[in-house]
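Presented below is the structure to which this report refers.
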Amino acid sequence: MSSYSQLYVQHIETLQRRTRDILAQQGLEGLAIHSGQSLRVFLDDQDYPFKVNPHFKAWLPVLDNPHCWLLVDGHSKPVLLFYRPVDFWHKVPDLPSAFWVEQFDIRFLTRPEQVADHLPAQRANWAYIGGHLEVAELLGFSQPNPEAVLNYLHYHRAYKTDYEQECLREANRIGVRGHLAARDAFLAGASEFEINLAYMKAVGQGASDAPYGNIVAINENAAVLHYTHLSHQRIADVDRHSFLIDAGVDFHGYASDITRTWAWRRGLFADLVAALEVQQQEVIGEMRAGLRYTELHLQMHRRIARLLKEFELVEMSVEGAVESGVTAAFFPHGLGHHLGLQVHDVGGFMQDERGTHLAAPEAHPFLRCTRIMEPRQVFTIEPGLYFIDSLLAPLQSGEHGRAINWERVDALRPCGGIRIEDNVLLHEHGTENLTRQAGL
């Protein structure tokens, strides 16, 4: 029996309870959760890589099979309509036999349209949850993706069950293997493309399996926050300065999201990487239940301001550097976000289960979480410090340009930037750093 079995039983009980609660609130009888459908490339005979509906994979780790359905009402054993076509062009999914099968009444479809034979006869009080509204309409679901239902589910998804926590731990364990392999490949002189191959081999997942596109950036490419170009060109040692990798893995539908930055040689950039890592670990130490994530983000900006002063990059007061937006030119994104079934997991702006929205502060528009931190929530903590030309140019010509040591900034531009990211689980009396615990 899988070590996940007992944890999974409790997980299903939690999902059943949440389902009962929201159905009772909304006067609904059940949810029909659609795994999704493949999307055909325009004017082609091939499909884009399939990505399952996260509401579907919240219940079970079936990630690669379109045309499946879950029928849940919070009371009865959930019904899984599992798609197994008669097909000689593609691999037919194996018969379900994993640790999760006992929790479902499993029925099989050989054609997608057979779903109609298994749906409730009266569907007026059943809600469709999925991304294909035309299918919902065709099948007679008059309540597709009710806002109140989605808000409730998204809000409560932030509280990870013990099963989900263990899945996230394993996603970090696997991801760390890949990061160490990528580091070794960089230090051996590999290209971005070759480093990415080393990472994928170490984690045993290809590009279509990954929760997001791997960011593998050497030198100034690290200044592109979502860099995914992956150059094939090897760079000579004398021209090699830095390496940033932001990559995760998927385990049972749950994502890790890890970033590390490495310096090629000792010196100013290496010292800056080490100093930012100290600040990152210290801000993790300040996490606690009851603190709004926004405040943690602002604390990180004050830490960035002190680093800029310490390394003689900026000559301003800490508060002046933050309030003027100078720190935002070097650290333009948010400190982090919720993590779980999705890399940028939903619910980060929700203040209650009704979906009350609290936007990011106007001065920090890219922050992805404004929620009060609570036990069982998982966050990424990913401060950065970059040298991005498009952000530095207006700073240089603006009123605070004279406060910047441009000679030192220019010396660091070839390095691109730094980002250090851990995945952190908040407990009632402290934190569990899933990434460091996994050995990175």
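Select from region 270-301 the residues that are buried (at least 18 other Cβ atoms within 10 Å of the Cβ), closer than 28 Å to Phe243 by Cβ and among the polar types (S, T, N, Q) and list them in ascending order.
Across region 270-301, the qualifying residues are Gln279, Gln280.
Please verify whether region 20-29 includes one or more residues that are within 18 Å of Lys57 (Cα to Cα) and among the acidic types (Asp, Glu).
At the first step, the residues of region 20-29 found to be within 18 Å of Lys57 (Cα to Cα) are none.
Taking every residue of region 20-29 in turn, none turns out to be within 18 Å of Lys57 (Cα to Cα) and among the acidic types (Asp, Glu).
So which pairs qualify, if the first residue must be in region 276-289 and farther than 18 Å from Leu313 by Cα, the second must be basic (Lys, Arg), the Cβ gap must be under 7 Å, and the two must be at least 6 apart or on different chains?
As it stands, the answer is Val283/Arg303, since those pairs meet every condition given.
Quickly run through region 371-419 and pick out the residues that are over 17 Å from Val224 (Cβ atoms), hydrophobic (A, V, I, L, M, F, W, C) and in contact (Cβ under 8 Å) with a residue 24 or more places away in the chain.
In the first step, residues of region 371-419 are kept if they are over 17 Å from Val224 (Cβ atoms); the result is 371-381, 383, 394-411.
Still in the running and hydrophobic (A, V, I, L, M, F, W, C): 372-373, 378-379, 381, 395, 403-404, 406, 409, 411.
Once the filter is applied, which keeps residues that are over 17 Å from Val224 (Cβ atoms), hydrophobic (A, V, I, L, M, F, W, C) and in contact (Cβ under 8 Å) with a residue 24 or more places away in the chain, region 371-419 yields Ile372, Met373, Val378, Phe379, Ile381, Leu395, Ala403, Ile404, Val409, Ala411.
Only one of these is in the same structural domain as Ile381 (by the TED database) and outside any helix (DSSP H, G or I): Leu272, Leu197, Leu230. Name it.
On the way: Leu272 fails: outside any helix (DSSP H, G or I); Leu197 fails: outside any helix (DSSP H, G or I).
Matching residue, one of Leu272, Leu197, Leu230: Leu230.
For (1) in a loop (DSSP other than H, G, I, E, B); (2) more than 20 Å from Val62 (Cα to Cα); (3) among the β-branched types (Val, Ile, Thr), each residue gets a yes or a no:
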site	(1), (2), (3)
Ser76	yes, yes, no
Leu95	yes, no, no
Ile106	no, no, yes
Gln114	no, no, no
Gln122	yes, yes, no
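Residue-wise test of (1) farther than 21 Å from His11 by Cα; (2) surrounded by fewer than 20 Cβ atoms within 10 Å (Cβ to Cβ).
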{"residue": "Val62", "(1), (2)": "no, no"}
{"residue": "Asp73", "(1), (2)": "no, yes"}
{"residue": "Pro78", "(1), (2)": "no, no"}
{"residue": "Asp87", "(1), (2)": "yes, yes"}
{"residue": "Lys91", "(1), (2)": "yes, yes"}
{"residue": "Asp94", "(1), (2)": "yes, yes"}
{"residue": "Phe99", "(1), (2)": "no, yes"}
{"residue": "Gln103", "(1), (2)": "no, no"}
{"residue": "Arg107", "(1), (2)": "yes, yes"}
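Inspect all residues belonging to region 404-416 and state whether any of them is in the same structural domain as Val216 (by the TED database), more than 13 Å from Ser256 (Cα to Cα) and surrounded by 23 or more Cβ atoms within 10 Å (Cβ to Cβ). Let's see the steps before the verdict.
Step one: of region 404-416, the residues in the same structural domain as Val216 (by the TED database) are 404-416.
Applying the additional criterion that residues be more than 13 Å from Ser256 (Cα to Cα) yields 404-416.
Within this subset, residues satisfying the condition of being surrounded by 23 or more Cβ atoms within 10 Å (Cβ to Cβ) are 415-416.
Yes, region 404-416 has at least one match.
Mind checking which strands (runs of 3 or more DSSP E) fall wholly inside region 308-425 and carry at least 3 residues that are under 19 Å from Arg288 (Cα atoms)?
Ranges flagged: 378-381.
The values are calculated or read from the model by the stated rules, or taken from the named source; none is laboratory data. Everything numeric in this text was worked out from a predicted model, so none of it was measured. Note that each Cβ is placed from the backbone with ideal geometry, even for glycine, and that neighbours are counted across all protein chains shown.
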